[in-house]
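Report on the following structure.
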Amino acid sequence: MKKIALISYGILLLALIAAPFLGFYPVFVMKVMCFALFACAFNLLLGYTGLLSFGHAAFLGGSAYVTGHVLKVWGLTPELGLIAGTLFGAALGLVFGWLAIRRQGIYFSMITLALAQMVYFVALQAKFTGGEDGLQSVPRGRLFGLIDLQSDLTMYYVALAIVVAAFLLIARTVHSPFGQVLKGIKENEPRAISLGYDVNRFKLLAFVISAALSGLAGSLKTLVLGFASLSDVHWTASGQVILMTLVGGLGTLSGPLVGSAVVVLLENKIGDFGTFLARVTGVNWFSTLGESVTMVTGLIFVVCVLAFRKGIMGEIIAFMERRGGRSNH
Amino acid sequence: MQISMPALLSQLLLGLVNGSFYAILSLGLAVIFGLLNVINFAHGALFMMGAVLTWMAMNYFEINYWVMLVAAPLIVGVFGVVIERLLLRWIYKLDHLYGLLLTLGLTLLIEGFFRSIYGVSGLAYDVPDALSGAFNLGFMILPKYRAWVVVASLIVCFATWYAIEKTRLGAYLRAGTENPRLVEAFGINVPLMITLTYGFGVALAAFAGVLAAPVIQISPLMGQNLIIIVFAVVVIGGMGSIMGAILTGLGLGVIEGLTKVFYPEASSTVVFLIMMLVLLVRPAGLFGNEK
């Protein structure tokens, strides 16, 4: 089991390293990687701690603005921009978490959603975010003042290195004693309390780590795409990351990777897919599919919640465990 | 800072109008959550549906406002019953979060559907003739329609409060909220009660939508921002008390209206700021009774 997982990760990494030479558009793959990091960070909270934050857009979008500002207005180097964005995510996460863990369950989700909406309104009104236009043409600059990131290929490998490092950090966190306590809180909070764990501190720390890494994802996105916009702070981005995690598999390390790829591909390619279906089936209605991404997203949510709660990777892992169990007999 | 009395009073009234919508919506959320343990994210979308149905009835069939004031909640209520029977009932035994996610999916479906027809631009709806114009009270001009919204909302809110707190049916409902299995053992059809409660809760949202049609620009996305504010209202008030939901909704609407006069920049965030304050001072909410 573990061997299969390691081999799969190895293949994935090799594929990602080779991707630019296999005809994949580097900027698109980088965008997917940013969302994959975002979803992994989110899953640390939802999948491993059992806290449904509905406000992660604030970390993604807020940090995107901070990085954009640092790079464009202050003209600092990219690594400082990323660090600033990550720190902003952590600080905002500290405030959100500190307020939200005062309430349990469904209230937690509503509070994070409301707080994120506040950040959205601030971003809409504040001067430094550029309002409706967002921050445009953010320069990539030179990494450490040395490596020019202007070329997509250089940028690609830097982004890959950052995302892989962050993923390893998340994997390490999940398997550490700290991660085990988080799982314990998720499974049975009263028992974790009775065992003497200061549950709220664990939750808060998990929240801050998740927010910081979401901030890193947002910062990287700004660096790669060269803009920061309102759509990243809007609550729909929070909904999107929930969907990615749910589709991929809650509480699995690989789930958010798969889920984010599926969701980003879907949103980018659904128009083409609709045109294709319309041509093959002759039903004209399909060609309007591209305009109804929202409805398709909604439908996936409904189907996932009702019939597919384990997600893609959750189902695969469950299947392999069942098979593995049988062969032992 | 010079603020004229009429401007202040008119913002106060506008705040009361918005507060009425908050009150009706948070009331519906509280009733649904009490029995179903589901936070109905689709509440905003169903509010929008009430308004859009009203607009459609006028534009396609020339059915007037007063008919829709009854018909739209009925249609949306039936729609809610269908949703509950087909989808929601499968998830009651699961973690709360699945209820939120399922209704989020429904929201996207409903809003996406109306968006594919009407786009995102606003649709205009005229104030019904009987309520157009204004009363001149001497110290301020009181638009009839706004007064009507506040009065109608208050009547509906207090009728709901009365039905839940003072009647036999309400007693069943409250008992069902406390202990559904015991209530079922007394021979009451709890699943039916749950279905009708959801239908009633979303009908309230549609009623608010009809009231809002002439005063808020009708668009498929009109419910989105509103529902998030209503969530904050619910966090501030706590969902344990019907009266609490009503008072919190109205009060926050008024505060928001006053903020528009004194510090307009903060008018869109003031409810969230108050939520933060309440979380610091009284984490369970003003009327909350959870631990």
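Things worth noting here:
- Exactly one residue out of B:142, B:154 is touching a Ser or Thr at 6+ places or on another chain (Cβ under 9 Å), farther than 16 Å from residue B:51 by Cβ and not in a helix (DSSP H, G or I): that is B:142.
- Just one of (1) in contact (Cβ under 8 Å) with a residue 24 or more places away in the chain; (2) under 13 Å from residue B:27 (Cβ atoms) fails for residue B:215. It is (2).
- The number of residues in the range A:93-103 that are part of a helix (DSSP H, G or I) and either free of Cβ contacts under 8 Å to residues at least 40 places away in the same chain or facing another protein chain (nearest Cβ under 7 Å) (or both) comes to 2.
- Residue ranges of helices (runs of 4 or more DSSP H) in the range B:206-291 with at least 2 members modelled with pLDDT of 90 or more: B:222-237, B:242-262
- Residues satisfying the criterion are present in the range A:248-262 (criterion: at positive phi and within 14 Å of another protein chain (Cβ to nearest Cβ)).
- Checked against (1) of a type in the set (A, V, I, L, M); (2) under 24 Å from residue A:106 (Cβ atoms); (3) out of contact with any helix residue (DSSP H, G or I) (no Cβ under 9 Å at 6 or more places or on another chain), residue B:280 meets all criteria but (3).
- Considering B:240, B:244, the condition of being surrounded by fewer than 19 Cβ atoms within 10 Å (Cβ to Cβ), over 30 Å from residue B:5 (Cβ atoms) and more than 9 Å from chain A (Cβ to nearest Cβ) is satisfied by B:240 alone.
Here is a yes/no grid of residues against (1) polar (S, T, N, Q); (2) in a helix (DSSP H, G or I); (3) within 26 Å of residue B:97 (Cα to Cα):
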residue: A:240; (1), (2), (3): yes, yes, yes
residue: A:245; (1), (2), (3): yes, yes, yes
residue: A:256; (1), (2), (3): no, yes, yes
residue: A:262; (1), (2), (3): no, yes, yes
residue: A:270; (1), (2), (3): no, yes, no
residue: A:279; (1), (2), (3): no, yes, no
residue: A:295; (1), (2), (3): no, yes, yes
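- Wholly enclosed helices (runs of 4 or more DSSP H) of the range B:41-138 bearing at least 1 residues at pLDDT below 90 and away from chain A (no Cβ under 14 Å): B:43-61, B:65-86
- Some residue of the range B:174-188 being touching a Leu at 6+ places or on another chain (Cβ under 7 Å) and either acidic (Asp, Glu) or closer than 21 Å to residue B:26 by Cβ (or both): yes
- Contact map, the range B:238-264: residues that are without any contact (Cβ under 8 Å) to a residue 40 or more places away in the chain and over 23 Å from residue A:103 (Cβ atoms) paired with residues that are assigned to a helix (DSSP H, G or I) and not basic (Lys, Arg), Cβ distance under 8 Å, separation 6+ or inter-chain. Pairs shown: B:259/B:266; B:259/B:270.
- When residues of the range B:218-237 are limited to those that are in contact with a Phe, Trp or Tyr (Cβ under 8 Å, 6 or more places away or on another chain) and over 18 Å from residue B:29 (Cα atoms), the one surrounded by the fewest Cβ atoms within 10 Å (Cβ to Cβ): B:219
- Across the range B:64-116, the number of residues qualifying as of a type in the set (A, V, I, L, M, F, W, C), loosely packed, with under 15 Cβ neighbours inside 10 Å and touching a residue at least 60 places away in the same chain (Cβ under 8 Å) comes to 3.
- Checked against (1) free of Cβ contacts under 8 Å to residues at least 24 places away in the same chain; (2) on the phi > 0 side of the Ramachandran plot, residue A:144 passes all but condition (1).
- Within the range A:104-157, being assigned to a loop (DSSP other than H, G, I, E, B) and either modelled with pLDDT of 90 or more or at the interface with chain B (Cβ under 9 Å from one of its Cβ atoms) (or both) holds for one residue alone: A:104.
- Selection of the range A:1-54 for residues being part of a helix (DSSP H, G or I), surrounded by 15 or more Cβ atoms within 10 Å (Cβ to Cβ) and aromatic (Phe, Trp, Tyr) yields A:9, A:35, A:38, A:42, A:48.
The values are calculated or read from the model by the stated rules, or taken from the named source; none is laboratory data. Small disclaimer: the values here were computed from a predicted structure and weren't measured. Reconstructed Cβ throughout: ideal geometry from the backbone, glycine too, with neighbour counts over all protein chains shown.
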